[in-house]
2 protein chains.
Amino acid sequence: MHPFTKRHADSVSALGEERLIAALRRWLGAASPRAPFGIGDDCAVLAPARGPQLITVDPVIYGRHFDDRVPARAVGAKLLKRNLSDLAAMGGRPTAAVLALTLDARVSVAWLEGFYRGLAACARRYGVPVVGGDIAQADGIVAASLTLVGAATGTRVLTRSGARQGDWIAVTGRLGGSLRTGHHFKFTPRLDEGAWLARRPEVRAMMDVSDGLAKDLHALTPPGLVAALDAAALPCRAGCDVRAALVDGEDYELVLAVSAQADLPALARAWRRAFPRTALTVIGRFARALPPGAIDLRAYHGYEHLR
Amino acid sequence: MHPFTKRHADSVSALGEERLIAALRRWLGAASPRAPFGIGDDCAVLAPARGPQLITVDPVIYGRHFDDRVPARAVGAKLLKRNLSDLAAMGGRPTAAVLALTLDARVSVAWLEGFYRGLAACARRYGVPVVGGDIAQADGIVAASLTLVGAATGTRVLTRSGARQGDWIAVTGRLGGSLRTGHHFKFTPRLDEGAWLARRPEVRAMMDVSDGLAKDLHALTPPGLVAALDAAALPCRAGCDVRAALVDGEDYELVLAVSAQADLPALARAWRRAFPRTALTVIGRFARALPPGAIDLRAYHGYEHLR
């Protein structure tokens, strides 16, 4: 859906600030608690937090993270799901979200309603209150940035650091073709899977795959080691080759390091019991040097921001 | 300072993502802790919080909240200070910030360095770790949105609700002329004042003045009442008339409701001891109807978003 309207009467500018705020409260509905625990005061009040908290921020920008082919509702949902994927990558669960919107005055009220209703439906589904927000105007842009606060689901927060030489590299789901197939907005964030993996002591490090495995895996690779991937093992999405699986990005899957001492068959059996419809695939190991036949990731580049 | 450069070699695009991220870590310096407590993982980890927490989000956008006359360093500082002012309005103190930046690829590295260094200096001054961030590209825009997490400084969080009929209306500092005088980026957020006022039981409600008193005061006014202001009492900035004080906006002062039963002279004495260089001025009362001579706020309009 195209975010802009040519008819002034259909634009957010014609609606005006006061009616717009009333409308977005209606669109958010139960997803947005009342002030001071939600939108409507200088700050929103959050409950005390006993354990470590998590915080992350990610945007969606027209022309970059979505285009006219993506329904407005899916844009709102994607914004929240991108951030949920970051929480999933550390084994977290969400507690609250705040939204900063930057809009051209010619954005249509219909598009904005779809965006908010999609965000609200997704927020209800994952139990995330949208507690705060800001709307600002800027010419020629439709962008939204969401900050998500969360908490660890278990006793530990799983970071990107912790992999060691010999550790197995595993990935959830399938990779590649995200833009072509619409996976980039249809995906389900791996919250349950992330929480489950964070409780497994043999899992040492984890992150989500957003810019493409070839690029993202660098952050999981300990200094002095390389990620030696087996091309034949890569769980490519239907119609995708190895390159697509490595560089397309927006997979929103989890990639993790599993201890070299782990009982891999036992982990695989437990995983299948917990998530029978989602693959967990061992795709390689962290090694001192690339063995013959392993993929040389230096030949691939994932998504580059600011290019 | 103009954010854009015509020389590609001076642009963030020429720097590239990897070197840009290394540079911004350097620019943030001590203001940004290491992951997992800062930038560099899927989420940042925040410490547990015993009491209620506060959260707010506000942006700065080129052409709206700053222009070429504002130094880049001041833009970074303003972004944080706008959010600190929201915390101040509830009697809070900051605990962590996350930053979402949206940049045209032609933004100059020099401008961005100034922005980050100004933000970092302000963050160090107020003890706010910048724990997370995201940089995205979008044509023709320079915008940053900051989410600030905080905590109450005392036993209560002061909201916008709570004023009653007969309560006094008071305001800190001076109002009006913020754009003309540069106050809109030179101001000091009223954190100490806000914390002090939140500890005074006779203060019933509070908010900060950002869109102009004429507009903002609606949110502090209980249903069925009016804010009856005395024009002669308004603390206008030098060179400003009543209209400027009411509608200019970006004052970042605190406006509050003080119980009708309060000992106003005692409050004024205690205030002067605590803040000898800042005015606290009683400017009116909440009443059933406008008394003769009071300002009719309906004749004034503060800053309208999305006009």
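In region B:292-302, the residue that is surrounded by the most Cβ atoms within 10 Å (Cβ to Cβ) out of those that are touching a strand residue (DSSP E or B) at 6+ places or on another chain (Cβ under 8 Å) and not in a helix (DSSP H, G or I) is B:295.
Conditions (1) touching a Ser or Thr at 6+ places or on another chain (Cβ under 7 Å); (2) closer than 30 Å to residue A:72 by Cβ; (3) surrounded by fewer than 23 Cβ atoms within 10 Å (Cβ to Cβ), marked per residue:
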site: A:182; (1), (2), (3): no, yes, yes
site: A:185; (1), (2), (3): no, yes, no
site: A:190; (1), (2), (3): yes, yes, no
site: A:197; (1), (2), (3): no, no, no
site: A:208; (1), (2), (3): yes, yes, no
site: A:211; (1), (2), (3): no, yes, yes
site: A:215; (1), (2), (3): no, yes, yes
site: A:220; (1), (2), (3): no, no, no
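Filtering region A:286-303 for residues that are closer than 17 Å to residue A:173 by Cα and under 24 Å from the mean Cα position of the chain (by Cα) leaves an empty set. Against the condition under 19 Å from residue A:21 (Cβ atoms) and not in a helix (DSSP H, G or I), how does residue A:105 come out, does it pass? So residue A:105 fits the description; yes.
Residues being within 30 Å of residue A:161 (Cβ to Cβ) and aliphatic (A, V, I, L, M) are represented in region A:74-82 by at least one member. Residues that are closer than 30 Å to residue B:141 by Cα, touching a Phe, Trp or Tyr at 6+ places or on another chain (Cβ under 8 Å) and not assigned by TED's automatic domain parsing to the domain that holds residue A:77: does region A:215-234 have at least one? There is at least one residue in region A:215-234 that is closer than 30 Å to residue B:141 by Cα, touching a Phe, Trp or Tyr at 6+ places or on another chain (Cβ under 8 Å) and not assigned by TED's automatic domain parsing to the domain that holds residue A:77.
Among the candidates B:274, B:245, B:238, B:294, the residue that is closer than 15 Å to residue B:217 by Cα and at pLDDT 95 or above is uniquely B:245. Just to be sure I understand the filter: pairs with C-beta atoms under 8 Å, separated by 6 or more residues or on different chains, first member in region A:65-77 and within 14 Å of chain B (Cβ to nearest Cβ) and within 19 Å of residue B:137 (Cβ to Cβ), second member of a type in the set (S, T, N, Q) and buried (at least 23 other Cβ atoms within 10 Å of the Cβ). Which pairs pass? Going by the 8 Å Cβ cut-off, there are no qualifying pairs. Where strands (runs of 3 or more DSSP E) sit wholly within region A:167-247, those with at least 1 residues that are touching a residue at least 60 places away in the same chain (Cβ under 8 Å) and over 14 Å from residue A:88 (Cβ atoms) occupy A:168-172, A:226-229. Within region B:32-45, the set of residues being within 9 Å of another protein chain (Cβ to nearest Cβ) and not in a loop (DSSP other than H, G, I, E, B) comprises B:35, B:36, B:40, B:41, B:44, B:45.
Only one of the numbered conditions (1) within 9 Å of another protein chain (Cβ to nearest Cβ); (2) surrounded by fewer than 23 Cβ atoms within 10 Å (Cβ to Cβ) is violated by residue A:88, and that is (2). Does region B:256-272 contain any residue that is outside any helix (DSSP H, G or I), within 21 Å of residue B:303 (Cβ to Cβ), touching a strand residue (DSSP E or B) at 6+ places or on another chain (Cβ under 8 Å) and among the hydroxyl-bearing types (Ser, Thr, Tyr)? No, every residue in region B:256-272 fails to be outside any helix (DSSP H, G or I), within 21 Å of residue B:303 (Cβ to Cβ), touching a strand residue (DSSP E or B) at 6+ places or on another chain (Cβ under 8 Å) and among the hydroxyl-bearing types (Ser, Thr, Tyr).
Could you tell me how many of the residues in region A:252-279 are closer than 18 Å to residue A:237 by Cβ, buried (at least 19 other Cβ atoms within 10 Å of the Cβ) and either out of contact with any helix residue (DSSP H, G or I) (no Cβ under 8 Å at 6 or more places or on another chain) or of a type outside the set (Ser, Thr, Tyr) (or both)?
So the answer is 3.
Of the numbered conditions (1) in a loop (DSSP other than H, G, I, E, B); (2) under 24 Å from residue A:88 (Cβ atoms), residue A:289 satisfies every one except a single condition; which is it? The single condition residue A:289 does not satisfy is (2).
Residues that are under 23 Å from the mean Cα position of the chain (by Cα) and either in contact (Cβ under 8 Å) with a residue 12 or more places away in the chain or farther than 18 Å from residue B:146 by Cα (or both) within region B:50-64 comprise B:51, B:52, B:53, B:54, B:55, B:56, B:57, B:58, B:59, B:60, B:61, B:62, listed in sequence order.
Here the condition is being among the charged types (D, E, K, R), in contact with a Phe, Trp or Tyr (Cβ under 8 Å, 6 or more places away or on another chain) and closer than 30 Å to residue B:58 by Cα; of B:243, B:277, it holds for B:243 alone. Checked against the criterion of being among the small types (Gly, Ala, Ser) and modelled with pLDDT under 95, the candidates A:97, A:44, A:22, A:74 yield just one match: A:22. Within the option set A:16, A:29, being farther than 21 Å from residue B:45 by Cα and within 12 Å of another protein chain (Cβ to nearest Cβ) holds for one residue only, A:16. Take residue B:6 and tell me if it is within 25 Å of the chain's Cα centre (by Cα) and of a type in the set (Lys, Arg). Here the answer is no, as residue B:6 does not meet what is asked. Listed by first and then second residue, the pairs with beta-carbon distance under 6 Å, at least 6 apart or on different chains, first residue in region A:148-163 and away from chain B (no Cβ under 11 Å) and of a type in the set (Val, Ile, Thr), second in a loop (DSSP other than H, G, I, E, B) and buried (at least 23 other Cβ atoms within 10 Å of the Cβ), are A:153/A:91. Residues in region B:111-138 that are of a type in the set (A, V, I, L, M), over 27 Å from residue A:211 (Cα atoms) and assigned to a helix (DSSP H, G or I) were compared, and the one that is farthest from the other protein chains (Cβ to nearest Cβ) is B:121.
Screening residue A:42 on (1) at negative phi; (2) in contact (Cβ under 8 Å) with a residue 40 or more places away in the chain shows it passes everything except condition (2).
The values are calculated or read from the model by the stated rules, or taken from the named source; none is laboratory data. Here the structure is a predicted model, which is why all the values come from computation and not from measurement. Neighbour counts are summed over all protein chains in view; Cβ atoms, including those assigned to glycine, are modelled from backbone coordinates with ideal geometry.
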